[in-house]
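Read-outs: derived from the displayed coordinates by stated rules, not from any lab. Values in this document were obtained by computation on a predicted structure and should not be read as measured data. Cβ coordinates were reconstructed from backbone atoms using ideal geometry, including for glycine residues, and neighbour counts include every protein chain displayed.
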Amino acid sequence: MKFFKRVFLLTILFLCYTTICAFSYSSAVFDDISNSVFRLHIIANSDSQEDQNLKLLVRDNVLNYMKEIASDVSSKDEAISIMEAHLDDFQSIAISTIRNAGYDYDVNLSVGKFDFPTKTYGDISLPSGMYDALEIKIGDAAGQNWWCVMFPTLCFIDVSSGSLDDNSKAVLEENLNEEGFDLVSENNAEINFKFKIVEFFEDIRLTLAEL
């Protein structure tokens, strides 16, 4: 009887240890990823085709401006600093885009941490979780979202090949440690399993933070 109790206790301790290790691993990897990218979240006024097309126009003009003013940026913090210094310009670009398209919707911009789903950009996949981002709400903000990455510029991909340009991938690799870069860029059974572990424990961490 004592033997089975000892085995049971050791099993429980092993499971606790494994869970703690997995949680620590996923937190460290996700934090490395989230600390290396700055994302964009645009919410359309509604799901009408016109409002969805308008959202894409705003997206294009905002991203083109970001690429113009931050083409030589090499870190997330630098990208955020430049973006915040030009926040009024982003607001003006979004509003003028909407007005030129014949609409009078308001635009609300905010910088903060927002919950993103799992997203793939070319051959790079980012796990779901909380990321620093610029959020743009158009009008009633009741339509579908556009999720993107402003730094590195993962929004600009070669659609025909589904691959990122070498510069964007190089910038991402420079800002991530080896484990984090492998997780978002490799596609094999082991990496996919780790990817799911990171998402699973990040969901738990977010749930606990909301309690």
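Charged side chains reduced to their Cβ positions (Lys and Arg at +1, Asp and Glu at -1) give the chain a dipole of some 1120 debye around its Cα centre.
If I take every Cα pair under 8 Å that is 6 or more residues apart in the chain, average their sequence separation and divide by the length, what percent do I get for the relative contact order?
Across the chain, relative contact order equals 30 percent.
Taking the DSSP beta bridges with both ends in region 1-153, the antiparallel portion is around 80 percent. Measure nothing fancy, just the Cα-based angle from helix 49-69's long axis to the longest principal axis of the chain, in degrees from 0 to 90, nearest 10. Taking Cα atoms only, the helix is inclined about 90 degrees. In the chain, a dipole from Cβ-located charges (positive for Lys and Arg, negative for Asp and Glu) runs towards its positive end, and of Ser26, Thr11, Ser92 it is Thr11 whose Cα lies farthest in that direction. Over region 56-211, the pair-distance histogram of Cα-Cα distances with 10 Å bins from zero comes to 9, 35, 36, 17, 3, 0 percent, rounded to whole numbers.
For the chain, the longest principal axis of the alpha carbon atoms and the long axis of helix 87-100 meet at an angle near 60°. Give, as a single signed number, the net charge of other residues whose beta carbon lies under 13 Å from the beta carbon of Lys196, with Lys and Arg counted +1 and Asp and Glu -1. Its environment carries a net charge of -3.
With a threshold of 23 Å on the Cα-Cα distance, the over-threshold entries among Lys137/Lys196; Lys55/Lys194; Lys76/Lys113; Lys169/Lys194; Lys67/Lys119 are Lys137/Lys196; Lys55/Lys194.
Phi angles across region 116-127 convert, under the Karplus curve 6.51 cos²θ - 1.76 cosθ + 1.60 with θ = phi - 60°, into 3J(HN,Hα) values of 10, x, 4, 9, 10, 10, x, 9, 10, 10, 10, x Hz, Gly and Pro given as x. Here the extension length gained between Ser74 and Ala189 equals 38.3 nm, from 0.36 nm per residue of separation less the Cα-Cα distance.
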